[in-house]
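Okay, structure first, notes after.
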């Protein structure tokens, strides 16, 4: 393969961000977690494979539009990451009864959650910890490692005890932990409090 062809097979992280319509920091997180594949030069500069970019584009059929634009006056966005389809249905049923106007983004694995974070920008993330492959522990630590998401409110709903969580490496201290069965009344209270703060511009 000619040198020019090889170069065309890779691009910088900034170029990848522009192609995908995401922020540079989101692209960096995706590269660190392996969603964007590539390698680092001796100087520490990352090169992203165009094949991995094309796979992400094909995920939705188009780049995640509006990623870095002002969201304007939109419903409160709640992202739920849970691999159990029955529990996702339970979330849809219960959240659908809330008086708060909201949009539910239901996702069943950690990898897709990282992708969707770049395009949907939720106001609240609710996550399970036990998921196949890229579990909740890895997902949440990856999210908190990115300054862009340092203030994203996160609630974990789990059947693990505090001791079990610590033995598995723990979670960032600012994450709220609730115990299963899913405490929908408490989730509603927390969500309405966050929505009220957002409305007041805090």
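The residues listed here are 122, 183, 132, 153; of these, the one that is free of Cβ contacts under 8 Å to residues at least 60 places away in the same chain, under 22 Å from residue 74 (Cα atoms), outside the structural domain of residue 31 (by TED's automatic domain parsing) and more than 11 Å from the chain's Cα centre (by Cα) is 153. Per the listing 185, 195, the residue uniquely out of contact with any strand residue (DSSP E or B) (no Cβ under 9 Å at 6 or more places or on another chain) and modelled with pLDDT of 90 or more is 185. None of 82, 42, 101 is out of contact with any strand residue (DSSP E or B) (no Cβ under 6 Å at 6 or more places or on another chain), exposed (fewer than 11 other Cβ atoms within 10 Å of the Cβ) and at pLDDT 90 or above except 101.
Among the residues of this structure, residue 31 does not count as one that is modelled with pLDDT of 85 or more and assigned to a helix (DSSP H, G or I).
The values are calculated or read from the model by the stated rules, or taken from the named source; none is laboratory data. All figures in this text were calculated on a predicted structure; none of them were measured in a lab. Ideal geometry is used to build each Cβ from the backbone, glycine not excepted, and the neighbour counts take in all protein chains shown.
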